[in-house]
Each structure stands twice: as structure tokens, then as C-alpha cells.
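Accompanying notes for the structure given below.
The values are calculated or read from the model by the stated rules, or taken from the named source; none is laboratory data. Just so we're clear, the structure is a prediction, and the values are computed from it rather than from any experiment. All Cβ positions, glycine included, derive from the backbone under ideal geometry; neighbour counts span all protein chains shown. These accessible areas exclude ligands, DNA and RNA; they are computed on the full protein's heavy atoms, side chains included. Shrake-Rupley method; radii C 1.70, N 1.55, O 1.52, S 1.80 Å.
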Amino acid sequence: MRRIRTAAVGAVTLSLVLTAAACGGGSTGGSGSNEQPKTLTYWASNQGASIEVDKKVLQPELDKFEKETGIKVKLEVVPWADLLNRILTATTSGQGPDVLNIGNTWSASLQSTGALLPWDAKNFEAIGGKDRFVESALGSTGVQAQEPAAVPLYSMAYALYYNKKMFQDAGVEKPPATWDELVATGKKLTKDGKAAIGVEGSNLSNNIHQVFVLGKQHGADFFTPDGKADFTDDNAVAAVKQYVDLMAAHKIVAPGNAEYAQNQSLSDFAKDKTAMVLWQTASATFKAQGMNEDEWGVAPAPVLSGAPGADKQTNSMVAGINMAVFKNTKNLDGALKFVKFMTSDEEQKTLNTAYGSIPPVKTAQQDPAFNTPALAVIRDTLATSASALPQVPEESQFETVVGTAVKELFADAAAGRPVTTDSVRAKLEKAQQQMPKK
């Protein structure tokens, strides 16, 4: 999933009060009418450099859909900081949009609410068939033994982006391939008030993405095979400490990054304030912030040793956006038509080109537009070295409580308080205590 998410059922207190925009209750027809409504509501996640960028990307496509079908789509682009709480409140109240974007890591959690339309064979047939989608993307659409809760819309993976001039000025000839190399390179680059690499310490889901990958590299899964939280395993503790130590021990992350939220690390990178950033498919965001393509390079995200691959060589989570339909929509036929439109080859090429992501639709992915050097790294990562976050109902709680633990550890590091194995374990123990008991 992308552009990062927060909160969870049971992990936070959800407000049951929505703004008027959030309380659409799905589309409705005229008073007393038995006809299918001619309007759909759509909550889109913030994919571009700003909400306004998203509106400019999406509105022409929604107008095209209306021209083809006669169905108007009312668009609301929801910031990541609000999106999960908005969705969870809608599942509780029964009043939400007809169609919505969800971060793919939320699929199992939202599936467990029962509010989303299951994508059975009949519903997949209505949008052209399940076999149109790449297998790795389908792997993050819900619990494996159940019908998917959503369909893939945009696919992404993490990579290491680096500033070519800053590397050249520091005498660094190539991007780091391992974490030890990243630290060594980072120390050469941290000077003159500039830090080597940016993080977003207050971005809970980005925290989770990074420590999940490090967890895989250390041999930790954060959940036992029967779905119980396992946050205090020695390998999980080592993974979290390694990430926070980029600031706490190695001093290659600026202390101010402890307070950074959505996209602030990308802004620093685009302004030459940091030399590296680990991010999901960031090229479109750099372009929107005025950075030329020849100013930055991209390489696979680091591993502990060797080359990226499966299991302990994992270097990204399977990131992406899924498209879901609320089960209580009053216009299921229109909603299915809209999902079919958005996952058509033409729209997949248009939208993923605009956002710098990869189409999860096989035939669209073959377009030459997705064979650029930058996107080749992403495609290879998704194909060979990315792992899906745990597809368990408690995944969104995991993002919230462990993401918060990492946030608090970054705050300690920024304040000069020691970050030790014991302090990391204590934070993760506190997080584990907030998870549902099984």
C-alpha cells in the first residue's frame, strides 16, 4: 500500500461523528424511485504530491466514465492520516461511499468487518476475470482462505532513491546494497547540515513497512503461524532497533525527522536536504516537486548481505492500493462498472503512468511505459524480493501499535535519550499488550 496509513479497530477510539462529506450513505436515487441511482461516491486515497494533484489526475477519467455510462462519480480524495478511521467509521455506521481505495495491507482487517463486497467468481467475471491480475498483487487482497475483499488498482514496492550530485560530491561511486554499506555511505554524506537519509518517524505505517522488511531479514514475522502477535521476539527487537539506530546510533538521520509525517522526507530529498530516501515508487512525487529525472537514481532497497530475494533477502513489502466496494451500495451494477473501468487496460496505463506506479493488470503492465530503468527496479522487486504484510484481521492494529512504538523510539533518539535493546523490547511489549488476546 502507499502514502501510508494509521489506526485500527480496537487500537484507537473511533469517532462516530462524520462530516457531511463522509456521511454519504452510498448513492441514492430519486424519492420513491426504483431505478438504479445515477451517481456513485468514490473515496480515493492520496497518491500524488497533493490532493489537488490527485483531483487533476482523476477527474478527467471520471468524466470519461460518466460520458460512457451516464453514471456520475462524486470524488473525494482522502488524506492517508484520515482514511482508515473514515473507513472504519463507515463500516460501523453503514454510511460510506459506494467505492473506495484501501491500502492493500488493510485488506484482511477490513474484510473482517463484513462491510466490503466479497470478490467471488461472479463479481470478478463482471470486471473481466480474476486471471487478469498479477498473482503477487492478489496476495494482498484478504485472507487466503476467503474471497478477496478488494481488487488491485496500483502496485508499488520500496526502493532506495539517491541524489546523484550529493553522491558525486561525497566521492560515493555507487548506491549501497547492504545496510552496513548504507551506514558507511551515510556517514560520508552527513555533513554541512545535511543528513544522509530521510525517515518519517511520525508516519506509523511507513514505520511498519520498514521494520517489517527488516524483520523478514532478521527472521521475524511479528505474528505466529496461528495469528498471535509476536512482537517481542529477539529478531523483531533487533529489526526495530536497527531501523531506529539510523538516527540513535549512526546519526545519519536528522533528529527533526522524528516528527516527520506523510511525504516530508520526500520533500527534503527533492530540495537536496537529504541524499537518500527509502520509498514506494516515488518518481512521480519527485517530478511534482520540481526534481528532474536525471538528478536522482534508484536502486534496490538494502538487505543484510548478498542480493535481494525471498525470505531473509526480502527488501520490500508488497505495496499497493486496492479498490473495494461497500456491500450496502445501492448501485452494485454501477459500482462494478466503475471498478471494471478503473482496472481496464487503458485506465491502468493512464493512472499508473500518472502516479509512477506499476499496473497490477498483466496486459497493462506490458506497456513500454513501464519498462523505464526506475520502474524496472520496482517490477523486479515485486517479482522476486517483496513479501506481503501479514494477512490477518489484526493487521491494522499491528500498524498502529507497533508503528507508534517506533515513533516513540524515534522521539527518544531525537531527544538524546538512549535507545537500547531493553528499551526497544519494552516498547514492543507495551504494543503487544494492546493487541486482541487469542
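Quick notes on this structure:
- Once the mean of 1/r is taken over each pair of separate Cα atoms and inverted, the range 199-295 shows a Kirkwood hydrodynamic radius of 14.7 Å.
- Close Lys pairs in the range 332-438 (alpha-carbon distance under 20 Å; sequence gap of 8 or more, or different chains): 9.
- The count of lysine pairs in the range 85-232 that are at least 8 places apart or cross chains, and whose C-alpha atoms lie under 17 Å apart, stands at 14.
- Spherically averaged projected area of the convex hull of Cα atoms, the range 304-414: 10.6 nm².
- Residue-normalised accessible area of the chain, given per residue in Å² at a 1.4 Å probe: 40
- Think of the range 284-422 as a dipole: +1 on every Lys or Arg Cβ, -1 on every Asp or Glu Cβ, centred on the Cα centre; then among Met323, Ala335, Ser357, Ala335 lies furthest on the positive end.
- Along the range 288-301 the Karplus relation, 6.51 cos²θ - 1.76 cosθ + 1.60 evaluated at θ = phi - 60°, assigns HN-Hα couplings of 5, 9, x, 9, 6, 4, 7, 8, 10, x, 9, 9, x, 4 Hz to successive residues, with x for each Gly and Pro.
- Dipole of the range 251-298, positive direction: furthest Cα of Ser267, Trp279, Gly256, with charges on the beta-carbon: Gly256
- Each principal axis of the Cα cloud of the range 283-352 was evaluated for its coordinate range; sorted largest first, these ranges are 52, 36, 20 Å.
- If the Kirkwood radius is taken over C-alpha pairs of the range 95-175, then at 25 °C and 0.890 mPa s the Stokes-Einstein diffusion coefficient equals 160 µm²/s.
- Per-peptide packing, taken as the mean over residues of other Cβ atoms within 10 Å, places 38-47, 197-206 in the sequence 197-206, 38-47 from highest down.
- Basic side chains Lys and Arg get +1 at the Cβ, acidic Asp and Glu get -1 at the Cβ, and with that the dipole of the range 130-210 about its Cα centre reaches some 340 debye.
- Share of carbon and sulfur in the accessible heavy-atom surface of the chain [1.4 Å probe, %]: 50
- For the range 147-208, the Rg and Dmax computed from alpha carbons only, in angstrom: 16.2, 54
- Charged-residue dipole, Cβ positions (Lys, Arg, Asp, Glu), the chain about Cα centre, Debye nearest 20: 440
- The eigenvalues of the Cα gyration tensor, multiplied by 5 and square-rooted, give the chain an equivalent ellipsoid with semi-axes of 36, 25, 19 Å from largest to smallest.
- With Cα atoms as the point set, the range 129-257 shows a radius of gyration and Dmax of 18.2, 55 Å.
- Residue of Trp80, Trp179, Trp106 that the Gaussian network model of the chain assigns the largest fluctuation, springs spanning Cα pairs under 10 Å: Trp179
- Positive-end extreme of charge dipole, the range 110-238 - chosen from Val211, Gly186, Val172 (charges on Cβ): Val172
- For Lys67, the aspartates and glutamates whose Cα comes closer than 17 Å to its Cα, not counting residues fewer than 8 places off in the same chain, are Asp333, Glu346, Glu347.
- Unit charges on C-beta of K, R, D, E only; dipole of the range 199-281, Debye: 240
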